[in-house]
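Working notes for the structure below.
The values are calculated or read from the model by the stated rules, or taken from the named source; none is laboratory data. As the structure is a computational prediction, the values presented were derived from the model and not from experiment. Every residue, glycine among them, receives a Cβ derived from its backbone with ideal geometry; neighbour counts consider all protein chains shown. To get the accessible areas, we keep the full protein, side chains included, count just its heavy atoms, and leave off ligands, DNA and RNA. Shrake-Rupley method; radii C 1.70, N 1.55, O 1.52, S 1.80 Å.
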Protein chains: 4
Amino acid sequence: VAHPQRLLVLLERDLQPADVERVRGTMAGRGVESRLADEYEDTVLATTHHEISPESLDGLRAIKGVRRVVPMTTPHPLVSSRDHTASEVRVGAVGIGPRTFTLIAGPCAIETSEQSRAAWDAAAAAGATVLRGDLFKHRTSPYSFQGVGRAGLELLAEHRRRLGLPVVVEVLSPGQLELVADVVDMVRIGARNMQNRDLLLACGRARKPVMLKRGFTATIEEWLLAAETVASCGNLDIVLCERGIRTFEPSTRNTLDLSAIAVIRERCQLPIVVDPSHGTGHRRLVPSLALAAIAAGADGVMVDVHPRPDTALCDGPQALLPHELGELGAQLAALARFVERDVSPVGAAADDHDGGNVARLSRGPR
Amino acid sequence: VAHPQRLLVLLERDLQPADVERVRGTMAGRGVESRLADEYEDTVLATTHHEISPESLDGLRAIKGVRRVVPMTTPHPLVSSRDHTASEVRVGAVGIGPRTFTLIAGPCAIETSEQSRAAWDAAAAAGATVLRGDLFKHRTSPYSFQGVGRAGLELLAEHRRRLGLPVVVEVLSPGQLELVADVVDMVRIGARNMQNRDLLLACGRARKPVMLKRGFTATIEEWLLAAETVASCGNLDIVLCERGIRTFEPSTRNTLDLSAIAVIRERCQLPIVVDPSHGTGHRRLVPSLALAAIAAGADGVMVDVHPRPDTALCDGPQALLPHELGELGAQLAALARFVERDVSPVGAAADDHDGGNVARLSRGPR
Amino acid sequence: VAHPQRLLVLLERDLQPADVERVRGTMAGRGVESRLADEYEDTVLATTHHEISPESLDGLRAIKGVRRVVPMTTPHPLVSSRDHTASEVRVGAVGIGPRTFTLIAGPCAIETSEQSRAAWDAAAAAGATVLRGDLFKHRTSPYSFQGVGRAGLELLAEHRRRLGLPVVVEVLSPGQLELVADVVDMVRIGARNMQNRDLLLACGRARKPVMLKRGFTATIEEWLLAAETVASCGNLDIVLCERGIRTFEPSTRNTLDLSAIAVIRERCQLPIVVDPSHGTGHRRLVPSLALAAIAAGADGVMVDVHPRPDTALCDGPQALLPHELGELGAQLAALARFVERDVSPVGAAADDHDGGNVARLSRGPR
Amino acid sequence: VAHPQRLLVLLERDLQPADVERVRGTMAGRGVESRLADEYEDTVLATTHHEISPESLDGLRAIKGVRRVVPMTTPHPLVSSRDHTASEVRVGAVGIGPRTFTLIAGPCAIETSEQSRAAWDAAAAAGATVLRGDLFKHRTSPYSFQGVGRAGLELLAEHRRRLGLPVVVEVLSPGQLELVADVVDMVRIGARNMQNRDLLLACGRARKPVMLKRGFTATIEEWLLAAETVASCGNLDIVLCERGIRTFEPSTRNTLDLSAIAVIRERCQLPIVVDPSHGTGHRRLVPSLALAAIAAGADGVMVDVHPRPDTALCDGPQALLPHELGELGAQLAALARFVERDVSPVGAAADDHDGGNVARLSRGPR
C-alpha cells in the first residue's frame, strides 16, 4: 500500500536559482515532487512522496545543495527533538546546551558608561559567560526611554573586548541586525516581537545565533513555530528563552512557566534558558526562580544587574545589585555542578559525565 | 507657586529641521523648554513649563508649523478623549465614528478570483460599506498558506472599482505599505503585530487610515499606547478593533472583551469596531456577538464571509456563508437604526439626532 | 449489530427504596441494566442497554416513578438543549426564559433598613421584576463585613410583601437554605461556590429555583456540569448567570464573557442572565454591557443599586445610583421590546411573537 | 499625636462567653475597645486603640484566655510572616517546615485494596514520610467516580498502622471531618473548595492540621486570606499547597506557579508544598517540576503514584509508576540534602545546619 509522506528539505544557503532547480529535478527523478515554500525564496522545499525508505531518505540528503531532510511528522520538524536529544548552540566561545550551564547577565539597558561598566563587571565577577545590555528598548509608551541606540555601540564593543565575553542584545527591526553585526555575538528577539514575522525572517537569514524569547501570551506550540520560522530560513542556531506568561496573578509581573522547560525538552532539541528578572519583575524573587530553573533542567539563566536600580531608566525593580548577583552566581554554580553541568567559561564539559554517581536531575522518568 | 506642566506638541508633517528649530525657538521665547522625542525625528516635541494659562496654550497652538498641543495628563495624550467626545475617521467616502454604524466584510484571505468575487458580492449585498480581503496572512506556521501576496493586487483593485467601496487589508511589514498604497483605503495592523514597533512607526508616518487590532494578550492601556505610537508619528486617523483576548476558556477561539468598548469610550476619542469572526472562531457565534457589539456602543463590526468555508485556506470555521451574512446585515442595520446610527454608505448622518425620543443606548449614566 | 447505549433516568422525588427497586426491576425486565449513581441516593439511575428504540424509550418514561429518561449523549444530559429549545423557569409569578426579559435589581447586600428600602424602591421603579439583596456575603477576608445575616430576614420579608416582587438571595451553606426558605423565591449559588459540591447537592434537593453563577475561573463546560449536578438531584429549575471570568485585563474587575450566551444557547436549555455589575466592577460600564447582554440573547440582567454607593459596605463602586438605574431600566425595556421580549412583571408574553416583521436578533444563522 | 491602631486578638479555644467578656473587660480597662468578629463566635476579637506600646502589647498577651495578639498591619495578620520566619507544622511525627523536606505520596484516589496497597508501598519505598489517598473525590461531573467513600476508611487505617506513616486526605464537606477524624493526621481542602467558606470555618474549628490547596484561579493574596479564615477560627496548623493556576497554555493541565513559593515566603510563615502531579497533569513532567520546587524553596512535594495508571479511575495520566517514584524519591532526597534539608522520616533536623559551607539556596538576597 502507498503511504504518502511529507518531507521538509532545507537547502544550503545562497544557492542560485539554477541550483535549486537542479536539486528539485534530481528529487523528481527519484519520485519526490516538490515546491518552494511560500515566501521563503530559495531556502526551503516542502515535498511529498508515496512512501520513502530510510535509504532513499539518506539518498536525498546526499544531493549536493541539500542541507537537511526531515519528515514532517510535527508542525515544526526542523526544531523538533528526535529521540529527545538536545543540541548545543555556540555563542562566541561559549556553548549553550545540555552539558553546560550558562549565566547571562548585565544591565537591562545601557544607560551610561559608568552604569554599564559597573553592571558588566559585576556580571563577569559573578561568573557570567555571556553579557547582556540593550541598545534599543521595546517600550510600551512612545514617550519612555527608548535606549541609547547606536550611541552605545562603541561602549558595547569596548567592554566585550575588555572582558573577553560574548554579548547578546535585542534587535527591534531587520535594519538593526546589520547595525549591531560587528559588536554582538547573538541577537535577541523580544517577547513582544515573537510573532513579528518580518523580524523572524530577517533573523532566519542572518548568520548569527538568535535568542528567541517566548511571547508573554504565546503557547509553547506557537513559540516553537516561531523558532521553526527562523529555522526555515536557514538559521538553526536558536536558543529559546522562557520569560513568563501573562496571567491574572498580580504579585509577579508575569507568571514564569517553568513547566515549559520539560515540555520543550520533549518536543524540541533547542537549548532553553530562563529569564527570572523579566519573568517576576521583583529582584527578591529572582534567586528562587533562577535556582528552580536549573533544577528543572534549564540550560542557563539570564538576569539583570544594575549598580543603582532605583535610578534605572528601565525595569529597575527587577535588577539585582552587584553583590546580590555575586551571591546568586555562587549558588547557581554550586547547583549546576551538582546536576553535572559544566560552568566554566569555555563551555567544554568534562568527559566523565555519565560515570557520576549522583542522579542527573533533570531527565525525568523514561 | 509654580506647577511644572508637561505638554505634547505635534508638529506639521514634513517640517524642515530649520523650521523645527524655529518652532522650538519661539516656544523657548515664551518660557517653554522642549526636546525631540526619542527616535521620532522631526515630528513630536515633549515640553515642560512651570505653569501655563489657557491663553498661552492657544498661543502655542497658533505657532506656524504646530499641529496640536495637548497637556500630558494621560500616558497617551494624542488619542485621549477629552470630554468623552468620539471622533470620526474617513475611509474613502465612509465615515467611521459616533454617528454611523459600519459593516466591514469580505473574505479573510483572497484565495481565488471566484472565491473573492463571491465573498465581496455577498458583503456588498449585505450592506457592508467597507470591504476586507487580505493579500498577506500572518500565520503561526511558516508552512501554512501565507496569502496570495502581490498576485492579488489587481483583483483587489478591480472589485474595489466595480463595487465602489473602500478596502482595508493587513500589512505585515513596512515594505508592504508602499506595495498596497494605490489599491487600499485603510491598512490594518494585526493582533500579533500590535507591538511591532517598526510597523507602528511606519504606519504612523504613512498617509492612510490605520486599523489597529488589539493584541490578544494586550491590556487596553497597552493598546492605547500602541495607538499613541502611531499618532505620535503624525497619523491620527486610527480605528481600533477589538478581536478577543486569550483566556482559559476553550469554547471560543478567544474571549471577546466587549467591556473594552465602554472603557475605550472613556479614555480615547478613536472609533472602535469589533471583529466577532476572529474573536469567537465559530460562525454560529458571530451574529450574537455582532449584535451585542452595536448595543454596547461599537462603531462597526468586521466579519468574514466565504462562499465555501469548508474549503477555505484560512479560518474557514468562522466565516459566514453569503446568505447568513445577508440575514445578519439586515439585523445589524435594524439595530443600528434603533440606536440612531446611520447605516447608509456615504456615512452622512441625519441632523435630527438629538431630537430623537428613544434613548441613545450606548451612552451610559453621566 | 448491537450498539450499547447509556441512559440517564431521573426518578420522581422522595421515592421509597422499595419503589426504586421496583422501577429498576421493571427496567431490567425490559433488558435495561441499572445502578444508582454514586452518592445520589434514591434519585438518579445511570443505565446501559445494547440498543433501544424510540418506542422502548417512551416505554421507560411511562414507568411509574420515572420522571425523565435521557440518552447520555453529552456530559450533562439533563440540562442539555435538544433542538436548541430554551426553557422557562418560574420565580414567583415571573417567568425567566426565552419569551421575556427580566431585570433583577436591588442592593448587593442588605445593610440598613433605609438603604435597602431605597435600593428596592429604585429597583421596582426601574422596572425590575425580581429583587436581589443579600443577607450573607461571601467575602475574601474573614475580617470584612459578612452581611447582616438572619437579622435581615424580616426586612426582606416585609419589602417582598410590600412590593409584590419575588426575591433572590445568595446562600453560602446548606444550612442557610432552610433559614431563608420562607422569605425568598430563588436561591443563588455564588461564583466562589460554583464547585462547592456540598452546596450544589443541597440546592439540588431543595424545592426552590436556583440561580447558578459561573465561577470566575470556570469553563462553560464546568459550569454546565455544576448545573447538571444540581439537576441530577432532582431540581431542574436552574437559571445560569454569567458574571465575568478572570483574565489579565486590569481595567475591569473581571472580563464579562458575553460569548457564553450563544455557547450556552447551543448546549443547554436553561435560561441565562448576565450580571454586569459584578462582571465589570465599575458603574460607568454597567449600561453598555447590560444592553449588550440583551442584544446577545440573554434572558435577563442583574444589577446592583445603592442610594449612596460611596458609603456601601460591599462593592460600592459597581452599584448604580437610583436615577441611573431608572435610565437604564427604560433603555433595557426599549431594547427588549425591540427584540420582541416581554418585559411586563407577570411574564406572560404576547402570542403574536412570530408574526413580527423585525428579525428576532439573538438567534443567529441556522 | 494619637495614632489609632488595629489589633487582632485570638482567644484560647472553647472559652465560655463569660470568660470572653472578662477578657474584653480587662482590655477595655487598658483603653482597648473590642468587638467580636462577624460570625466567628467566641474565638476572635478585632480591636482598635489610639496607640499602643510594646509593653502594653505584651500586657495584653498575658491576659488569661488570650492566645495571640497581632497588629493588623497586613490583611492576614495571623498567617503573616514577621521577619520572614517560617514555622513548622507537625503531622503525626513528621514536621513540615523550613528544616525538612517532606515527600507526600500515594494514590490520587483509593480504588481497590490491591491498588492502594501497591501505591502506598511504592510511596514508603521511595522515602515518602506522609501518605495520601483520597476517599472522596471532587469531580467536575456528577456521573464520574466519586471515590469509594467511607468504605475505604478501614483500608486507610490498616495501611497507616502497617507503614507507620501519617496520612492526609481531602474532605469535601464539614460532615466528612468527623468521619475521617480517627484515621487521618491531616485533612486537605481542595483547590475547588479554597473559597468554600463553610468548609474553611469547619476546618478552622477542627483540631487537625489542614493542607490548603490554592484555588486554580486564586491570587496568592486570596489564598492567604483563605488561610487566615482557617486561622481566625483557632487552627494555626496550616500547610499551603501550590498546584497550578489556570492559564491559556494547553500543554499542561495547569501552569504551576513556582514564583508563589518565594512570594509566600515573604508574606507568610506557613510551610508550603507543591503538587506537580495535579499541577502539570502529565507524569513525564512531574520530576522536572518536583525538583524545581525544592530548589525554589518548597518545604515538600506531593505526588500521585499508581501501579497501573492506564486503568486508574481518576487522573491516571499524571500518576507516576512505582519505579518512577523510586527514582524521583532518590533524586529529591539528594537535592534536599544538597540544600541542607532533613529528609529522615522523623523530621528531626540535625543541629549543625548553619555551619554548613554550601550556600542555602532558597533564601535569596537580603
Considering only helices (runs of 4 or more DSSP H) wholly within the range A:88-206, the ones with at least 2 residues that are within 14 Å of chain B (Cβ to nearest Cβ) and open to solvent by 20 Å² or more (accessible area, probe 1.4 Å) are A:174-180, A:197-205
The number of residues in the range B:313-325 that are small (G, A, S) and either crowded, with 21+ Cβ neighbours inside 10 Å or under 19 Å from B:C241 (Cβ atoms) (or both) is 1
In the list B:T247, B:T252, B:T229, which residue meets the criterion of being within 15 Å of the chain's Cα centre (by Cα) and among the hydroxyl-bearing types (S, T, Y)?
B:T229
Taking the range A:207-216 as the region of interest, how many residues are surrounded by fewer than 24 Cβ atoms within 10 Å (Cβ to Cβ) and over 15 Å from A:L236 (Cβ atoms)?
1
Does C:A227 satisfy being crowded, with 23+ Cβ neighbours inside 10 Å, within 25 Å of C:S259 (Cα to Cα) and more than 9 Å from chain D (Cβ to nearest Cβ)?
yes
Somewhere in the range B:211-226, is a residue modelled with pLDDT under 95 and in a helix (DSSP H, G or I)?
no
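Any chance the range C:231-243 includes a residue that's within 25 Å of C:A126 (Cβ to Cβ), touching a residue at least 24 places away in the same chain (Cβ under 8 Å), in contact with a Phe, Trp or Tyr (Cβ under 6 Å, 6 or more places away or on another chain) and of a type outside the set (D, E, K, R)?
Filtering the range C:231-243 for residues within 25 Å of C:A126 (Cβ to Cβ) gives C:239-243.
When the remaining residues are screened for being touching a residue at least 24 places away in the same chain (Cβ under 8 Å), the result is C:239-243.
Pick out the ones that are also in contact with a Phe, Trp or Tyr (Cβ under 6 Å, 6 or more places away or on another chain) and you get none.
No, the range C:231-243 contains no residue that is within 25 Å of C:A126 (Cβ to Cβ), touching a residue at least 24 places away in the same chain (Cβ under 8 Å), in contact with a Phe, Trp or Tyr (Cβ under 6 Å, 6 or more places away or on another chain) and of a type outside the set (D, E, K, R).
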Of the residues in the range B:11-34, those that are touching a helix residue (DSSP H, G or I) at 6+ places or on another chain (Cβ under 7 Å) and either exposed (fewer than 15 other Cβ atoms within 10 Å of the Cβ) or farther than 18 Å from B:E55 by Cα (or both) come to B:L11, B:R30, B:S34
Given the criteria in contact (Cβ under 8 Å) with a residue 60 or more places away in the chain, assigned to a helix (DSSP H, G or I), among the aliphatic types (A, V, I, L, M) and open to solvent by less than 10 Å² (accessible area, probe 1.4 Å), does D:L328 qualify?
yes
Please verify whether D:S232 is within 14 Å of chain C (Cβ to nearest Cβ), open to solvent by less than 10 Å² (accessible area, probe 1.4 Å) and among the polar types (S, T, N, Q), treating the condition exactly as stated.
yes
From B:G164, B:G149, B:G175, grab the single residue that is at pLDDT 95 or above and not hydrophobic (A, V, I, L, M, F, W, C).
B:G164
Determine whether D:L57 is assigned to a strand (DSSP E or B), at pLDDT 85 or above, open to solvent by less than 90 Å² (accessible area, probe 1.4 Å) and under 30 Å from D:K208 (Cα atoms).
no
Given the criterion over 19 Å from B:L199 (Cβ atoms) and among the aliphatic types (A, V, I, L, M), identify the matching residue among A:L199, A:L156.
A:L156
Kindly provide the set of residues from the range A:207-217 that are more than 9 Å from every other protein chain (Cβ to nearest Cβ) and either without any contact (Cβ under 8 Å) to a residue 40 or more places away in the chain or over 19 Å from A:D275 (Cβ atoms) (or both), ordered by number.
A:R207, A:K208, A:V210, A:L212
If you check D:R284, D:R246, which single one turns out to be within 15 Å of A:T255 (Cα to Cα) and open to solvent by 10 Å² or more (accessible area, probe 1.4 Å)?
D:R246
Pairs returned, first residue in the range A:154-175 that is in contact (Cβ under 8 Å) with a residue 40 or more places away in the chain, second residue that is among the polar types (S, T, N, Q) and not in a loop (DSSP other than H, G, I, E, B), beta-carbon separation under 9 angstrom, 6 or more apart or interchain, are A:L155/A:S113; A:L155/A:S116; A:L156/A:S116; A:H159/A:S116
It is to be established whether one or more residues within the range A:335-346 are closer than 18 Å to A:G106 by Cβ, crowded, with 24+ Cβ neighbours inside 10 Å and modelled with pLDDT of 85 or more.
no
